[in-house]
Structures are given as C-alpha cells and as structure tokens.
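See structure below.
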Amino acid sequence: MLIRIALFATMIAALVAAASTATAENRVTTDITVTRSDGTTTTGTIHAPAGATGRPGVVLVHGSGTSPSPHYAQVADAFARAGIVALQYAKRAEDYTPAHRDYSLLADDALSGIAALRSRPEVDPSRVGLWGLSEGGWVAPLAASRSADVAFLITIGANSGAPAAQQTWANETRFAAAGVRGSMIDVLGRNGIRQLAGAGQFAQADYDPVPVLERIPQPVLAIWGDQDRLTPPGDSLRDFRAAFDRVGKTNYTLRTLPNAQHAGLTTTDGFDKGTELAPGYAELMGDWVNGLPGSANRQVDQPAVQGHSVTPLAPLAWWESTPVQLILLLGTVLALCGYAVSGFKRDWRLSQARPARILAAATGIGIVGTIALFLFVASTKSTSFGPLLFGRTLPWVALQLSALCAVAALGVVVARRGRLLDGVGTGGRVRWALLVCGGTGFTLWALYWGLLLP
C-alpha cells in the first residue's frame, strides 16, 4: 500500500513539473536587431506566445532614462500571456541627457520598432500598436499621430501637461506628503524648475502634448494609477477626455487603476512600488487589445483624487531670468569675498566689526546652505525630510534664521555707519561698501528663494 502511495505521489509531482515546464514554454523570447530611421541600430527582445502566428503585437516605449529595467520585460511577458506579441527595444542613449532629449527622434525610434515587429511572422501586421509609460506617454502618442501603421495606442502614467509643470507638481506632491509647507514648497520647489527651464537645462520643458492627442485617429487606451505621485492622474484623465471630445473622437478608453502607482505596479502610498503589476492591469490591456475594434468604445472612469491640481509655470520675468540671477549671486559672492580678503590689511579693518562679521558669516551660510539643500532635494526621491518645525524642515529653518540674522546685521551695519568707519581711511570705506553691496544682494536673492518668506 505504501509503495502505491509513493508511486502515486511521484506521478503527481511529475505532472506538476510538466505543467510548470509547459507554462514556461508557452512563451518564448527572441532577440532581434532594430534598424532605426537614421541608420543606426539597437537591440530588441520579442516576447511571444509559443507557436504564435497572426497575433496582435505591441511595441513598448520607455519612460525617462536609458538604464535597462526589468519592468519592461514584466509588461512584455504580461502581453505574451494574453496572446499578444510584445517588443521591448533598447532606448536611444545618444544625446539623451536631463538637459536635452528629442521626443521627435524618440518617436521615430518607436516607429522603427513598429516596422520591425510588423515584419515578424508571429504577428498580424495590421494589428500592431504602441504602449508608452510616463515619458513614453509623450513619445508614443507623437509616433501614433505620424503613422497609419500604428493600429492602436496604450499609455500608462501619461501626462497631459508640459514636462516642467509635471515635475513641479511631483515635487510639490512629495513635499506635501512629507508634511512640508510654506516657502520651501512654494518657492524652492517651483522656482528651481523655472530656473532650470529658463537656463535650457530641462529637456523639452514646454512640450505640449494636447495638439498631438487631438491628431490621433487610432483607438486609445489610457491608464493611470489612482496613487500616481509623479503624474497628476486626475488632471491628465480629464485633459485626455477633453482633447478627444473636442475633435469628436469616440474610440478611446480612459481607466483609473485602484491601488496602483505611476507604472501600474502595486503600492502602499504611491511613492513606493511593489514587484507585481496592480490587480487587473494586465487583464485590462489584454482584453482591450484582443477585443479591438469593439473594445474601443468611449469608456471613461472617474478621475483619481489629487491633493492639488497642476499649476502652469509662469515664464521668467527679466529680473528673475537666469542671467540676472547669476549676476546677482556672483556679484554678492564677489562683494563678500572682497570684504573678507581686504580684511587682511589691518588699516582697512572696521571699528566695532562684530555686526559686519555676523553679516558676512550669515550670508555665506545662507548661500552655500540653500544651494546644497536644493541639490539634495533634486537628487533624492525620498518623502521624508526629517523632523519638521511649523511645517518646515530643520535645515530650512536654520537657513531662514541665518537669512534673518544677515538682514538684521545689514541694518546695523548701515545704521551704525559712522561708528564702523570712525578713524578708518579710504580702504575701510571701500570695504564697508563691499559689505553693504553683498548684504543687499543677498537680501534680494534670499527673498526670491523664499528664505525671507513665511
């Protein structure tokens, strides 16, 4: 009896193992070379159901960055599970930087992927479309608007506004989630992006995707996670709907995924991301593509709830333009350095110099600390900025106190001009003037960057 049970268990284990192998073999991957429109090539991987012929196909268009991510293989595999052939290709890295990227060229690359996939025996060339994530939500619609070879369009985490405004909204959302309020979020987060855009250091800062959306004849499935913290999901859904309705488009579906973050992954708060696709995400895409054209009737979910809406970025006025701000900052630093260096000449030193020293030290701390804090905020994705005091991070409070000390010291230096210059010659008067110029420049700079605002 025991022998029979053991044999039976062995047979069951073998069947389970065989089933597992069969499941793995139901999907195959093939590496290919994709020739781009400019004659260069890139690598690509096709994910397909085993033995597929005449199936729908989809080309995956990357989000920002060029580093390989396992997420694209995960999405491609989900398509293959649904009987859809997917191509993921290596994104163009040439001349792709935070300060420069060409959406038009990236769109041409996506169309090169379409041509490569349409030539494969696994697919029906009349049913090959595009899928775009995040930045791909700007690139893929542009590609679809240019070619009738694109049969459909899917976006996840796409944005209906300009990249600079979207990044500002993401910064503000991150600050708000950490409990930060006041000038740090109102000025530092917004003016930093405006300055980068004004200096030409923010790629495609003012790109407007709405006219492109209005030119897309293909069926569209646009998806947003309701916990998206990088793209405003509610605003974007409403703007997509408005753009399509303005031109009488009806073959579109706009969906909001519950408990999903920017890329359609599971999440607890929108800032973290799990390892699995959100429940229903893969099924939604698979059913929609396989059900075309009937599945592409006008369906619109309720927009996700956002903490605040996107506010367009105002153009820089002349006085806050990058050259003027740089001249102000450089002039302030040079004036203060001139004051400090000239102090080595004993007969140039001021009488009762304590207020002057406080002014010089406080301005130095304010400038260096603000730049360091800005770089930290720009380089981290953390939603925790440490302890807060009245909605302000402790470093920000310290910088504001330093700025207040500088302004107070400047007032004393000006008010006590006679005492400070008592018995001092021309060199000392020049040194006093340098200090006042530096302090005045810092006051104007600190006002613009919020150090002297609530």
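The values are calculated or read from the model by the stated rules, or taken from the named source; none is laboratory data. Because the structure is a prediction, the values reported are computed rather than measured. When we count neighbours, we look across all protein chains shown, and the Cβ atoms used for this are built from the backbone with ideal geometry, even at glycine. Accessible surface is based on the protein model in full, side chains and every heavy atom, while ligands, DNA and RNA are left aside. Shrake-Rupley method; radii C 1.70, N 1.55, O 1.52, S 1.80 Å.
Results, tabulated for the structure shown:
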| read-out | value |
| --- | --- |
| Within straight-line cross-link reach of LYS91, lysines at Cα separation under 21 Å, skipping those fewer than 8 residues along the same chain | none |
| Pair ASP269, THR33: separation of 7 Å Cα→Cβ label points (nm) | 4.9 nm |
| Anchor LYS249: aspartates and glutamates whose Cα lies under 17 Å away (excluding residues fewer than 8 positions away in-chain) | GLU214, ASP239, ASP301 |
| Surface accessible to a 1.4 Å probe, ARG298 within the full protein complex, Å² | 120 Å² |
| Probe 1.4 Å, protein heavy atoms only - accessible area per residue of the range 116-227 in square angstrom | 29 Å² |
| Residues of the range 309-402: accessible area per residue with a 1.4 Å probe, Å² | 60 Å² |
| Mean Cβ count within 10 Å, highest first, over the residues of peptides 185-197, 60-72 | 185-197, 60-72 |
| Cα centroid separation, the range 33-98 to the range 239-304 (Å) | 20 Å |
| Carbon + sulfur, % of accessible area of the range 92-201 - ligands and nucleic acids excluded, 1.4 Å | 50 percent |
| The range 323-397: trypsin sites (Lys or Arg not before Pro) in DSSP coil with no more than 13 other Cβ atoms inside 10 Å | LYS345, LYS381 |
| Distance between the range 408-431 and the range 102-170 - C-alpha centres, whole angstrom | 64 Å |
| Segment ALA398-VAL187, length gained on full extension (0.36 nm per residue, minus Cα span) | 74.3 nm |
| Long-range tail of P(r) for the range 257-346 (Cα pairs > 18 Å, %) | 72 percent |
| Angstrom value of the Kirkwood radius, inverse mean 1/r, which spans all Cα pairs in the chain | 25.5 Å |
| Rounded to 5, percent antiparallel among DSSP beta bridges of the chain | 40 percent |
| Volume of the Cα convex hull of the range 59-204, divided per residue and given in Å³ | 117 Å³ |
| Positive-end residue of ALA314, THR275, GLN325, charge dipole of the range 215-370 with Cβ unit charges | GLN325 |
| Helical segments meeting 24 Å axial Cα length and Kyte-Doolittle 0.5 threshold in the chain (DSSP H) | 2-25, 322-342, 354-379, 394-415, 426-448 |
| Cβ-defined net charge surrounding ALA178, 12 Å radius [Lys, Arg +1; Asp, Glu -1] | +3 |
| PHE390/HIS308 FRET efficiency (R0 25 Å; Cβ-Cβ; nearest 0.05) | 0.80 |
| Where chymotrypsin sites (Phe, Trp or Tyr not before Pro) fall in DSSP loop in the range 380-454, at most 12 other Cβ within 10 Å | PHE390 |
| Among PRO217, PRO141, TYR96 - extreme Cα towards positive end, dipole of the chain, charges at beta-carbon | TYR96 |
| Share of carbon and sulfur in the accessible heavy-atom surface of the range 287-426 [1.4 Å probe, %] | 67 percent |
| Alpha carbon centroid spacing (whole Å) that separates the range 386-402 from the range 311-348 | 24 Å |
| Where labels lie 7 Å past Cα in the beta-carbon direction, separation of ILE371 and LEU330 in nm | 1.3 nm |
